[in-house]
Amino acid sequence: MSLAELESTIAAMVVKGRGILAADESAPTIAKRFAAIGVESTVENRRIWRGLLASTEGLGDYISGLILFEESLEQKSDEQSTIPETAWAQKIVPGIKVDKGKIPLALSPGDLITQGLDGLAERLRLYKAQGARFAKWREVYAIDQQAPSQHGIAANAEMLARYAAVCQAEGLVPIVEPEVLMDGSHDIERHGEVTEAVQQAVFQALARHHVVLELMILKPNMVLPGKDCRRAEPDEVASATLKVLQRCVPAAVPSINFLSGGQEPAEATANLNALNQQAPNAPWQLTISYGRALQQPALQAWQGRAENKAAAQQALLKRARLNHLAMRGEYQADMESD
Ligand code: 13P
(Lines give C-alpha, C1' and ligand atoms only; values in the text may rest on other atoms or scores of the structure.)
Protein backbone atom coordinates (compact mmCIF):
# COMPACT_ATOMS: atom_id res chain seq x y z
CA MET A 1 0.00 0.00 0.00
CA SER A 2 1.36 3.41 -0.93
CA LEU A 3 0.30 5.68 1.92
CA ALA A 4 1.62 8.84 0.27
CA GLU A 5 -0.45 8.22 -2.85
CA LEU A 6 -3.66 7.64 -0.87
CA GLU A 7 -2.96 10.65 1.34
CA SER A 8 -2.51 12.94 -1.63
CA THR A 9 -5.79 11.73 -3.19
CA ILE A 10 -7.67 12.24 0.09
CA ALA A 11 -6.18 15.72 0.43
CA ALA A 12 -7.38 16.62 -3.08
CA MET A 13 -10.88 15.23 -2.44
CA VAL A 14 -11.61 16.35 1.09
CA VAL A 15 -11.77 20.12 0.82
CA LYS A 16 -14.15 22.35 2.79
CA GLY A 17 -17.01 23.56 0.62
CA ARG A 18 -16.57 20.94 -2.10
CA GLY A 19 -18.19 17.57 -2.76
CA ILE A 20 -18.47 14.76 -5.28
CA LEU A 21 -20.55 14.53 -8.46
CA ALA A 22 -21.69 10.96 -9.18
CA ALA A 23 -21.97 10.41 -12.94
CA ASP A 24 -21.38 6.66 -12.84
CA GLU A 25 -24.78 5.30 -13.79
CA SER A 26 -24.71 1.76 -15.14
CA ALA A 27 -26.05 1.15 -18.68
CA PRO A 28 -29.66 0.38 -17.61
CA THR A 29 -29.76 3.31 -15.17
CA ILE A 30 -28.47 5.95 -17.59
CA ALA A 31 -30.89 4.59 -20.21
CA LYS A 32 -33.73 5.27 -17.75
CA ARG A 33 -32.49 8.83 -17.03
CA PHE A 34 -32.12 9.57 -20.76
CA ALA A 35 -35.52 8.04 -21.59
CA ALA A 36 -37.13 10.57 -19.23
CA ILE A 37 -35.96 13.36 -21.59
CA GLY A 38 -36.49 11.37 -24.78
CA VAL A 39 -32.81 10.74 -25.49
CA GLU A 40 -31.49 7.39 -26.66
CA SER A 41 -28.69 5.91 -24.54
CA THR A 42 -25.96 5.50 -27.18
CA VAL A 43 -22.20 5.47 -26.52
CA GLU A 44 -22.00 8.86 -28.22
CA ASN A 45 -24.83 10.45 -26.21
CA ARG A 46 -23.29 9.20 -22.97
CA ARG A 47 -19.93 10.65 -24.06
CA ILE A 48 -21.52 14.02 -24.83
CA TRP A 49 -23.44 14.10 -21.55
CA ARG A 50 -20.58 13.15 -19.24
CA GLY A 51 -18.17 15.36 -21.17
CA LEU A 52 -20.62 18.25 -20.74
CA LEU A 53 -20.72 17.68 -16.98
CA ALA A 54 -16.93 17.42 -16.58
CA SER A 55 -16.20 20.49 -18.70
CA THR A 56 -18.60 22.84 -16.89
CA GLU A 57 -16.51 25.90 -16.24
CA GLY A 58 -16.20 26.74 -12.56
CA LEU A 59 -17.43 23.32 -11.39
CA GLY A 60 -14.12 22.76 -9.62
CA ASP A 61 -14.98 25.54 -7.17
CA TYR A 62 -17.66 23.30 -5.66
CA ILE A 63 -16.78 19.77 -6.76
CA SER A 64 -13.58 17.91 -5.87
CA GLY A 65 -14.38 14.43 -7.22
CA LEU A 66 -16.21 12.97 -10.22
CA ILE A 67 -17.35 9.33 -10.20
CA LEU A 68 -17.38 7.82 -13.67
CA PHE A 69 -18.55 4.57 -15.24
CA GLU A 70 -15.96 2.34 -16.94
CA GLU A 71 -16.55 3.47 -20.53
CA SER A 72 -16.14 7.19 -19.64
CA LEU A 73 -12.51 6.76 -18.57
CA GLU A 74 -11.44 6.45 -22.20
CA GLN A 75 -13.98 8.76 -23.77
CA LYS A 76 -13.03 12.24 -24.88
CA SER A 77 -14.87 15.36 -23.82
CA ASP A 78 -13.42 17.25 -26.81
CA GLU A 79 -10.66 16.81 -29.44
CA GLN A 80 -7.84 17.15 -26.91
CA SER A 81 -8.76 15.55 -23.63
CA THR A 82 -10.29 12.50 -22.10
CA ILE A 83 -13.05 12.99 -19.51
CA PRO A 84 -10.62 12.26 -16.61
CA GLU A 85 -8.17 14.86 -18.01
CA THR A 86 -11.00 17.38 -18.34
CA ALA A 87 -11.87 16.82 -14.68
CA TRP A 88 -8.25 17.17 -13.55
CA ALA A 89 -7.97 20.49 -15.41
CA GLN A 90 -10.47 21.84 -12.86
CA LYS A 91 -8.77 20.12 -9.90
CA ILE A 92 -11.55 17.52 -9.83
CA VAL A 93 -10.25 14.04 -9.01
CA PRO A 94 -11.63 11.35 -11.36
CA GLY A 95 -12.89 8.12 -9.82
CA ILE A 96 -14.62 4.95 -10.95
CA LYS A 97 -17.56 2.79 -9.92
CA VAL A 98 -16.14 -0.71 -9.62
CA ASP A 99 -19.00 -2.85 -8.36
CA LYS A 100 -20.97 -4.90 -10.85
CA GLY A 101 -24.40 -4.26 -9.45
CA LYS A 102 -26.74 -6.03 -7.08
CA ILE A 103 -28.44 -9.42 -7.16
CA PRO A 104 -30.67 -11.19 -4.61
CA LEU A 105 -28.65 -12.77 -1.79
CA ALA A 106 -29.15 -16.51 -2.28
CA LEU A 107 -31.38 -18.26 0.28
CA SER A 108 -32.05 -14.97 2.04
CA PRO A 109 -35.38 -13.57 0.80
CA GLY A 110 -35.46 -9.77 0.62
CA ASP A 111 -31.70 -9.32 1.05
CA LEU A 112 -29.49 -8.07 -1.77
CA ILE A 113 -25.76 -8.39 -2.38
CA THR A 114 -23.38 -6.65 -4.76
CA GLN A 115 -21.03 -8.50 -7.13
CA GLY A 116 -17.62 -7.69 -8.53
CA LEU A 117 -14.81 -8.81 -6.21
CA ASP A 118 -13.31 -11.38 -8.58
CA GLY A 119 -10.41 -9.82 -10.49
CA LEU A 120 -10.93 -6.49 -8.74
CA ALA A 121 -7.21 -5.81 -8.13
CA GLU A 122 -6.43 -6.28 -11.83
CA ARG A 123 -9.29 -4.00 -12.86
CA LEU A 124 -8.15 -1.34 -10.40
CA ARG A 125 -4.67 -1.36 -11.93
CA LEU A 126 -6.19 -0.74 -15.36
CA TYR A 127 -8.50 2.03 -14.11
CA LYS A 128 -5.59 3.68 -12.36
CA ALA A 129 -3.58 3.68 -15.58
CA GLN A 130 -6.60 5.36 -17.20
CA GLY A 131 -6.56 8.14 -14.61
CA ALA A 132 -8.87 7.01 -11.79
CA ARG A 133 -7.62 7.80 -8.28
CA PHE A 134 -10.57 6.60 -6.21
CA ALA A 135 -13.27 3.94 -6.48
CA LYS A 136 -16.88 3.46 -5.43
CA TRP A 137 -18.78 0.34 -4.38
CA ARG A 138 -22.45 0.37 -3.41
CA GLU A 139 -24.29 -2.18 -1.26
CA VAL A 140 -28.06 -1.84 -1.26
CA TYR A 141 -30.48 -2.61 1.58
CA ALA A 142 -34.22 -2.66 0.90
CA ILE A 143 -36.54 -2.37 3.88
CA ASP A 144 -39.59 -4.60 4.32
CA GLN A 145 -41.13 -6.50 7.24
CA GLN A 146 -38.16 -8.88 7.52
CA ALA A 147 -35.38 -7.43 5.41
CA PRO A 148 -32.62 -6.60 5.74
CA SER A 149 -31.81 -9.60 7.94
CA GLN A 150 -28.87 -9.76 10.36
CA HIS A 151 -27.26 -12.23 8.02
CA GLY A 152 -27.79 -9.92 5.00
CA ILE A 153 -26.29 -6.99 6.90
CA ALA A 154 -23.23 -9.07 7.83
CA ALA A 155 -22.72 -10.38 4.28
CA ASN A 156 -22.95 -6.88 2.77
CA ALA A 157 -20.53 -5.43 5.33
CA GLU A 158 -18.02 -8.12 4.48
CA MET A 159 -18.23 -7.25 0.75
CA LEU A 160 -17.71 -3.54 1.39
CA ALA A 161 -14.72 -4.17 3.63
CA ARG A 162 -13.07 -6.61 1.22
CA TYR A 163 -13.51 -4.12 -1.63
CA ALA A 164 -12.12 -1.24 0.46
CA ALA A 165 -9.05 -3.27 1.47
CA VAL A 166 -8.27 -4.15 -2.16
CA CYS A 167 -8.61 -0.47 -3.15
CA GLN A 168 -6.20 0.71 -0.49
CA ALA A 169 -3.74 -2.07 -1.37
CA GLU A 170 -3.81 -0.85 -4.98
CA GLY A 171 -3.48 2.84 -4.09
CA LEU A 172 -7.07 3.98 -4.79
CA VAL A 173 -9.17 5.70 -2.13
CA PRO A 174 -12.33 3.65 -1.50
CA ILE A 175 -15.73 5.28 -1.27
CA VAL A 176 -17.74 2.90 0.92
CA GLU A 177 -21.43 3.18 0.08
CA PRO A 178 -24.01 1.29 2.14
CA GLU A 179 -27.37 2.58 0.86
CA VAL A 180 -30.50 1.85 2.86
CA LEU A 181 -33.21 2.63 0.32
CA MET A 182 -35.97 5.13 1.04
CA ASP A 183 -38.50 3.09 -0.98
CA GLY A 184 -41.40 1.85 1.08
CA SER A 185 -43.82 3.01 3.73
CA HIS A 186 -41.57 2.55 6.79
CA ASP A 187 -41.27 5.45 9.22
CA ILE A 188 -38.13 7.47 9.94
CA GLU A 189 -37.44 5.49 13.12
CA ARG A 190 -37.24 2.21 11.22
CA HIS A 191 -34.97 3.78 8.59
CA GLY A 192 -32.73 5.03 11.41
CA GLU A 193 -32.58 1.62 13.13
CA VAL A 194 -31.65 -0.18 9.92
CA THR A 195 -29.09 2.48 8.94
CA GLU A 196 -27.50 2.19 12.37
CA ALA A 197 -27.28 -1.62 12.24
CA VAL A 198 -25.82 -1.41 8.73
CA GLN A 199 -23.17 1.18 9.61
CA GLN A 200 -22.17 -0.65 12.82
CA ALA A 201 -21.59 -3.82 10.81
CA VAL A 202 -19.71 -1.96 8.10
CA PHE A 203 -17.24 -0.34 10.51
CA GLN A 204 -16.68 -3.62 12.35
CA ALA A 205 -15.90 -5.31 9.03
CA LEU A 206 -13.62 -2.45 7.93
CA ALA A 207 -11.64 -2.89 11.16
CA ARG A 208 -11.38 -6.68 10.65
CA HIS A 209 -10.01 -6.08 7.16
CA HIS A 210 -7.42 -3.49 8.31
CA VAL A 211 -8.91 -0.67 6.24
CA VAL A 212 -7.32 2.66 7.16
CA LEU A 213 -10.23 4.90 8.12
CA GLU A 214 -8.33 8.13 7.46
CA LEU A 215 -7.95 7.08 3.83
CA MET A 216 -11.55 6.31 2.91
CA ILE A 217 -14.79 8.20 2.39
CA LEU A 218 -18.21 7.07 3.65
CA LYS A 219 -21.15 7.57 1.30
CA PRO A 220 -24.30 6.87 3.32
CA ASN A 221 -27.99 7.57 2.94
CA MET A 222 -29.62 10.26 5.05
CA VAL A 223 -32.20 8.96 7.54
CA LEU A 224 -35.66 9.66 6.10
CA PRO A 225 -39.22 8.40 6.30
CA GLY A 226 -40.05 5.96 3.47
CA LYS A 227 -41.15 7.55 0.19
CA ASP A 228 -44.70 6.24 0.73
CA CYS A 229 -44.84 7.37 4.37
CA ARG A 230 -44.51 11.17 4.55
CA ARG A 231 -42.00 13.92 3.91
CA ALA A 232 -39.91 15.13 6.88
CA GLU A 233 -38.62 18.65 7.49
CA PRO A 234 -34.84 19.21 7.14
CA ASP A 235 -34.32 19.61 10.91
CA GLU A 236 -35.90 16.23 11.61
CA VAL A 237 -33.86 14.53 8.87
CA ALA A 238 -30.67 16.15 10.14
CA SER A 239 -31.13 15.15 13.77
CA ALA A 240 -32.14 11.56 12.90
CA THR A 241 -29.14 11.27 10.55
CA LEU A 242 -26.65 12.80 13.00
CA LYS A 243 -27.81 10.49 15.78
CA VAL A 244 -26.87 7.46 13.68
CA LEU A 245 -23.59 8.90 12.38
CA GLN A 246 -22.44 9.90 15.85
CA ARG A 247 -23.08 6.38 17.11
CA CYS A 248 -21.43 4.60 14.20
CA VAL A 249 -18.79 6.60 12.32
CA PRO A 250 -15.36 6.93 13.95
CA ALA A 251 -13.90 10.44 13.99
CA ALA A 252 -10.93 9.14 11.96
CA VAL A 253 -13.11 9.09 8.82
CA PRO A 254 -12.39 12.45 7.16
CA SER A 255 -15.51 12.92 5.07
CA ILE A 256 -19.11 11.78 4.85
CA ASN A 257 -20.48 12.35 1.35
CA PHE A 258 -24.22 11.66 1.20
CA LEU A 259 -26.02 10.07 -1.73
CA SER A 260 -29.28 11.76 -2.70
CA GLY A 261 -31.21 8.50 -3.09
CA GLY A 262 -34.32 9.88 -4.83
CA GLN A 263 -34.74 13.12 -2.87
CA GLU A 264 -35.71 16.13 -4.96
CA PRO A 265 -32.70 18.37 -5.72
CA ALA A 266 -33.80 21.26 -3.46
CA GLU A 267 -34.82 18.83 -0.70
CA ALA A 268 -31.38 17.17 -0.74
CA THR A 269 -29.72 20.60 -0.50
CA ALA A 270 -31.97 21.76 2.35
CA ASN A 271 -31.30 18.54 4.28
CA LEU A 272 -27.54 18.89 3.87
CA ASN A 273 -27.79 22.48 5.02
CA ALA A 274 -29.65 21.46 8.19
CA LEU A 275 -27.00 18.80 8.89
CA ASN A 276 -24.25 21.40 8.73
CA GLN A 277 -26.24 23.88 10.80
CA GLN A 278 -26.84 21.30 13.51
CA ALA A 279 -23.26 19.97 13.54
CA PRO A 280 -20.90 22.80 12.57
CA ASN A 281 -18.09 21.09 14.52
CA ALA A 282 -18.68 17.50 13.44
CA PRO A 283 -15.46 15.45 13.33
CA TRP A 284 -16.08 14.61 9.68
CA GLN A 285 -16.87 16.88 6.77
CA LEU A 286 -20.59 16.62 5.86
CA THR A 287 -20.91 16.99 2.12
CA ILE A 288 -22.33 15.43 -1.04
CA SER A 289 -21.80 12.67 -3.51
CA TYR A 290 -25.06 13.32 -5.33
CA GLY A 291 -26.05 11.82 -8.66
CA ARG A 292 -29.66 12.66 -9.42
CA ALA A 293 -29.87 15.69 -7.11
CA LEU A 294 -27.06 17.37 -9.08
CA GLN A 295 -27.81 16.09 -12.58
CA GLN A 296 -31.61 16.20 -12.81
CA PRO A 297 -32.11 19.93 -13.55
CA ALA A 298 -29.17 19.85 -15.97
CA LEU A 299 -30.66 16.88 -17.84
CA GLN A 300 -33.99 18.70 -18.08
CA ALA A 301 -32.25 21.75 -19.54
CA TRP A 302 -30.17 19.68 -21.98
CA GLN A 303 -32.84 17.49 -23.66
CA GLY A 304 -30.07 15.93 -25.77
CA ARG A 305 -29.59 19.09 -27.85
CA ALA A 306 -26.22 20.72 -28.57
CA GLU A 307 -27.77 24.20 -28.44
CA ASN A 308 -28.80 23.57 -24.81
CA LYS A 309 -25.29 22.77 -23.60
CA ALA A 310 -24.68 26.14 -21.92
CA ALA A 311 -28.08 26.07 -20.19
CA ALA A 312 -27.43 22.54 -18.91
CA GLN A 313 -24.02 23.55 -17.55
CA GLN A 314 -25.56 26.57 -15.85
CA ALA A 315 -28.18 24.33 -14.22
CA LEU A 316 -25.46 21.97 -12.95
CA LEU A 317 -23.35 24.85 -11.66
CA LYS A 318 -26.32 26.32 -9.83
CA ARG A 319 -27.01 23.07 -7.96
CA ALA A 320 -23.31 22.65 -7.18
CA ARG A 321 -23.13 26.21 -5.83
CA LEU A 322 -26.27 25.86 -3.68
CA ASN A 323 -24.90 22.62 -2.23
CA HIS A 324 -21.60 24.39 -1.58
CA LEU A 325 -23.54 26.91 0.52
CA ALA A 326 -25.33 24.03 2.27
CA MET A 327 -21.93 22.54 3.18
CA ARG A 328 -21.42 25.74 5.17
CA GLY A 329 -24.97 25.87 6.55
CA GLU A 330 -25.55 29.05 4.55
CA TYR A 331 -28.24 27.88 2.11
CA GLN A 332 -31.73 29.38 2.09
CA ALA A 333 -34.70 28.08 0.13
CA ASP A 334 -35.32 31.46 -1.54
CA MET A 335 -31.94 31.16 -3.26
CA GLU A 336 -33.58 28.58 -5.55
CA SER A 337 -35.30 31.34 -7.51
CA ASP A 338 -32.22 33.59 -7.95
P1 13P B 1 -28.02 9.41 -6.18
O2 13P B 1 -27.50 10.68 -5.54
O3 13P B 1 -28.80 9.68 -7.42
O4 13P B 1 -28.69 8.52 -5.20
O5 13P B 1 -26.76 8.63 -6.73
C6 13P B 1 -25.64 8.52 -5.97
C7 13P B 1 -24.93 7.28 -6.30
O8 13P B 1 -23.82 7.30 -6.74
C9 13P B 1 -25.61 6.00 -6.06
O10 13P B 1 -24.67 4.97 -6.12
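What are the ³J(HN,Hα) values, in whole Hz, obtained from phi via the Karplus relation 6.51 cos²θ - 1.76 cosθ + 1.60 with θ = phi - 60°, for each residue of region 304-315 in sequence order, with x given for Gly and Pro?
Going residue by residue, I get x, 10, 4, 5, 9, 4, 4, 5, 5, 5, 5, 5 Hz, with x marking Gly and Pro.
Using a 7 Å offset from the Cα along the Cα-to-Cβ direction at both residue 310 and residue 31, what is the distance between the two label points in nm, to one decimal?
Going by the 7 Å Cα→Cβ label model, 3.5 nm.
Considering the options 22, 331, 146, tell which one lies farthest towards the positive end of the dipole of the chain, charges being +1 on Lys and Arg and -1 on Asp and Glu at the Cβ, about the Cα centre.
It is 22, whose Cα lies furthest towards the positive end.
Taking the Cα centre of the chain as origin and charging only Cβ (+1 Lys, Arg; -1 Asp, Glu), how large is the dipole, in debye to the nearest 20?
Dipole size: approximately 380 debye.
If a/c stays under 1.5 just call it rounded; otherwise compare a/b with b/c (prolate if a/b is bigger, oblate if not). Do that for region 1-131, with a ≥ b ≥ c from the square roots of the Cα gyration tensor eigenvalues.
oblate
Given a 1.4 Å probe and every protein chain left where it sits, what share in percent of the accessible area of the chain is carbon and sulfur?
So the carbon and sulfur contribution to the accessible surface is 50 percent.
Report, by chain and number, residues whose modeled amide H sits under 5 Å from the one on residue 187, excluding near sequence neighbours (fewer than 5 apart, same chain).
Hits under the 5 Å cutoff: 226.
With +1 assigned to the C-beta of every Lys and Arg and -1 to the C-beta of every Asp and Glu, and no other charges, what is the dipole magnitude of region 91-247 about the Cα centre in debye, to the nearest 20?
Working: 19 positive and 20 negative charges, 151 e Å.
In total the dipole reaches around 720 debye.
Only Cα pairs within less than 10 Å get springs; with that Gaussian network setup on the chain, which residue of 259, 124, 160 has the largest fluctuation?
Highest fluctuation of the listed residues: 124.
Using the Karplus equation 6.51 cos²θ - 1.76 cosθ + 1.60 (θ = phi - 60°), what ³J(HN,Hα) coupling, rounded to whole Hz, does each residue of region 126-143 give in order, writing x for Gly and Pro?
Per-residue couplings from phi come out as 5, 4, 5, 5, 8, x, 6, 10, 9, 9, 9, 9, 10, 9, 10, 10, 9, 9 Hz.
Using each residue's phi in region 245-258, evaluate 6.51 cos²θ - 1.76 cosθ + 1.60 at θ = phi - 60° and report the 3J(HN,Hα) Karplus result to the nearest Hz, with x for Gly and Pro.
With coefficients 6.51, -1.76 and 1.60, one gets 4, 5, 6, 10, 9, x, 5, 5, 5, x, 8, 10, 10, 5 Hz.
So for the chain, taking the charge dipole from beta-carbon charges (+1 Lys/Arg, -1 Asp/Glu), which of 287, 237, 36 sits furthest toward the positive end?
Looking along the dipole axis, the top candidate is 287.
Considering the chain as a Gaussian network with a 10 Å cut-off on Cα pairs, which listed residue, 186, 151, 209, attains the greatest mean-square fluctuation?
Taking springs between Cα atoms under 10 Å, the residue moving most is 151.
For the chain, what is the accessible area per residue in Å² when the probe is 1.4 Å?
41 Å²
Tell me the Rg and the Dmax, in Å, that the Cα atoms of the chain produce.
18.6, 53
If a paramagnetic tag sat 7 Å from the Cα of residue 233 along the Cα-Cβ line, which residues of region 178-203 would have the backbone N under 11 Å from that point?
Zone members listed by number: none at all.
Would you mind checking which residues have amide H under 5 Å from residue 112's amide H? H placed 1.01 Å from N; only 5 or more apart, or other chain.
The answer is 105, 142.
Given contacts defined as C-alpha pairs under 8 Å and at least six residues apart, what's the relative contact order of the chain, whole-number percent?
Reported relative contact order: 17 percent.
Quick one: which of 32/128; 136/227; 32/102; 91/128; 16/91 span more than 20 angstrom between C-alpha atoms?
Violating the 20 Å Cα-Cα cut-off are 32/128; 136/227.
Let me spell out the model: positive unit charges on the Cβ of Lys and Arg, negative unit charges on the Cβ of Asp and Glu, origin at the Cα centre of region 148-232. What dipole size does that give, in debye rounded to 20?
40 debye
Please report the antiparallel percentage of DSSP beta bridges with both residues in the chain, rounded to the nearest 5.
Percent antiparallel among DSSP bridges in the chain is about 10.
Using only DSSP helix segments of four residues or longer, with each worth -39500 (n - 2.57), what per-residue ellipticity at 222 nm results for the chain after dividing by its residue count and rounding to 500?
Values: 11 runs with 148 residues, N = 338.
Counting only the DSSP helices, I get -14000 deg cm²/dmol.
Sort 64, 8 from largest to smallest accessible area, using a 1.4 Å probe on the heavy atoms of the protein chains.
8, 64
Once the mean 1/r over all distinct Cα pairs of region 126-178 is inverted, what Kirkwood radius in angstroms do you read off? Working shown, then result.
Values: mean 1/r = 0.0817 Å⁻¹.
The Cα-based Kirkwood calculation yields 12.2 Å.
Taking H placed 1.01 Å from N in the peptide plane, check which residues at least 5 places from residue 288 or on another chain put their amide H under 5 Å from its amide H.
20, 258
The values are calculated or read from the model by the stated rules, or taken from the named source; none is laboratory data. Computed from a predicted model, the values in this text were never measured in an experiment. Heads up, the Cβs are rebuilt from the backbone with ideal geometry, glycines too, and the neighbour counts pull from every protein chain shown. Protein only, heavy atoms only, side chains kept; ligands, DNA and RNA dropped before computing areas. Shrake-Rupley method; radii C 1.70, N 1.55, O 1.52, S 1.80 Å.
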